[in-house]
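Visitor: First, the structure itself, so that you have it in front of you.
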Amino acid sequence: MIEYRIKTNKDFTEKIGELVCMLEHSREVTLSEISNLNQNDLDYLPNNRSNSIGSLLSHIASIEFVHQCISFENRDFTNEEYFEWGAALELGDKGREVIRSHSIDYLNYHKLETIH
């Protein structure tokens, strides 16, 4: 069972600590909810304009990564980073083409754990 209480992380100011707590909770709930999905679940598209669960997970990670680059390193993606994250960042046709057939372990590790 996931417990939800907004706490202040003592490594941050009060409000930033509360925001960090809420973001960590959102991540924990998301990972818990997707933990039993299979490949068909991750790649399922209800129509040709939708995004799969797998692509949305990659999108969440790409948004977090680009915001960290901008906020903490005062820069945008490098060409190499854009090559890796661009389809997840933009989604659409390219996302539907590129982001599929990745296991939940790949998405959990490669996309959600490689963020610095």
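The values are calculated or read from the model by the stated rules, or taken from the named source; none is laboratory data. Since the model is a prediction, treat every value here as computed from it, not as a measurement. Don't worry about glycine lacking a Cβ; one is built from the backbone with ideal geometry, like all the others, and counts go over all protein chains shown.
Visitor: Looking at the stretch 60-76, is at least one residue modelled with pLDDT under 90, in contact with a helix residue (DSSP H, G or I) (Cβ under 7 Å, 6 or more places away or on another chain) and within 17 Å of residue 97 (Cβ to Cβ)?
Guide: yes
Visitor: If you don't mind, there's one more thing I want to ask. So which residues in the stretch 34-53 are in a loop (DSSP other than H, G, I, E, B) and not hydrophobic (A, V, I, L, M, F, W, C), if there are any at all?
Guide: Just the residues of the stretch 34-53 that are in a loop (DSSP other than H, G, I, E, B), to begin with: 35-38, 44-52.
Result: 35, 36, 38, 44, 46, 47, 48, 49, 50, 51, 52.
Visitor: Related question: Residues that are touching an Asp or Glu at 6+ places or on another chain (Cβ under 9 Å) and either assigned to a loop (DSSP other than H, G, I, E, B) or at pLDDT 90 or above (or both): does the stretch 12-33 have at least one?
Guide: Among the residues of the stretch 12-33, at least one is touching an Asp or Glu at 6+ places or on another chain (Cβ under 9 Å) and either assigned to a loop (DSSP other than H, G, I, E, B) or at pLDDT 90 or above (or both), which makes the answer yes.
Visitor: Additional query: Select from the stretch 24-39 the residues that are in contact (Cβ under 8 Å) with a residue 60 or more places away in the chain and closer than 15 Å to residue 59 by Cβ and write down the one among them that is surrounded by the fewest Cβ atoms within 10 Å (Cβ to Cβ).
Guide: The extreme case among them is 27.
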